[in-house]
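Report on the following structure.
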Amino acid sequence: MARGINKVILVGNLGNDPETRYTQGGMAITRISLATTSVRKDKDGNQQERTEWHRVVFFGKLGEIAGEYLRKGSSVYVEGSIRYDKYTGQDGQEKYSTDIIADEMQMLGGREGGGGGAGGDRPARAPRQDYGNQGGGQRRPAPAPASQPAPIDDFADDDIPF
């Protein structure tokens with residue numbers, strides 16, 4: 001029997017600051033609320049916006065990174081899987097939740113643009129993922145065009161958590 005695929009890709013903005021908690025074993029669990037907005041035209045030609053809110057959960061090292069670097073309003077790219085849960089609430093009623101379990105995250109936007117500070121040229125991944133290059137060689141940043149000044153690095157590579 002073939003295996004199924006459960007893959008979610010989201011690009012959106014945080015609606016609140018991340019909430020990070022730790023298990024008794026010390027593993028970070030960070031939750032965010034992520035908004036994605038789509039625009040379409042109705043039959044009269046008017047643009048209609050629709051915003052969907054997604055509950056995203058990060059575990060382990062990725063949870064630590066998300067909790068430290070993401071803030072309300074940050075733009076972020078998230079890959080993961082969708083999980084549906086059913087539980088009994090304090091009032092005895094059955095409740096349902098839908099979460100995105102993230103296994104990859106990329107902070108978008110510049111350092112001054114509110115998008116997050118430690119974005120690089122590859123996404124942050126959960127520890128079980130391969131950090132290596134798929135192409136086999138070293139990644140080198142593209143040279144800056146001659147008309148623009150080169151960016152000033154005011155941080156050491158050791159400051160980047162991934």
- Query: Would you pick out the residues in region 87-120 that are in contact with a Lys or Arg (Cβ under 9 Å, 6 or more places away or on another chain), at pLDDT 80 or above and closer than 21 Å to Lys72 by Cβ?
  - Reply: Asp99, Ile100, Met105, Gln106
- Note on the structure: Over region 29-49, the set of residues at pLDDT below 95, under 26 Å from Gly109 (Cα atoms) and not polar (S, T, N, Q) is Val39, Arg40, Glu49
- Message: So for region 53-63 (the condition being exposed (fewer than 10 other Cβ atoms within 10 Å of the Cβ), out of contact with any Pro (no Cβ under 9 Å at 6 or more places or on another chain) and within 24 Å of Lys7 (Cβ to Cβ)), does at least one residue qualify?
- Response: no
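Yes or no: Gly80 among the small types (Gly, Ala, Ser), under 20 Å from Ile9 (Cα atoms) and either outside any strand (DSSP E or B) or modelled with pLDDT under 50 (or both)? Full working, then the answer.
Working: among the small types (Gly, Ala, Ser): yes; under 20 Å from Ile9 (Cα atoms): yes; either outside any strand (DSSP E or B) or modelled with pLDDT under 50 (or both): no.
The answer is no for Gly80.
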- Task: Being outside any loop (DSSP other than H, G, I, E, B), basic (Lys, Arg) and within 17 Å of Met107 (Cβ to Cβ) is the filter here, so list the residues in region 51-72 that pass it.
- Result: Lys61
- Message: Among the residues of region 27-50, are any assigned to a loop (DSSP other than H, G, I, E, B), among the small types (Gly, Ala, Ser) and within 20 Å of Asp103 (Cβ to Cβ)?
- Response: no
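Looking at Gln106, Gln90, can you tell me which residue is of a type in the set (S, T, N, Q) and outside any loop (DSSP other than H, G, I, E, B)?
Numbers: Gln90 fails: outside any loop (DSSP other than H, G, I, E, B).
Answer to the check: Gln106.
The values are calculated or read from the model by the stated rules, or taken from the named source; none is laboratory data. Not measured: the values here are computed from a predicted model. Quick reminder, even Gly has a Cβ in these numbers, built from the backbone with ideal geometry, and neighbours come from all protein chains shown.
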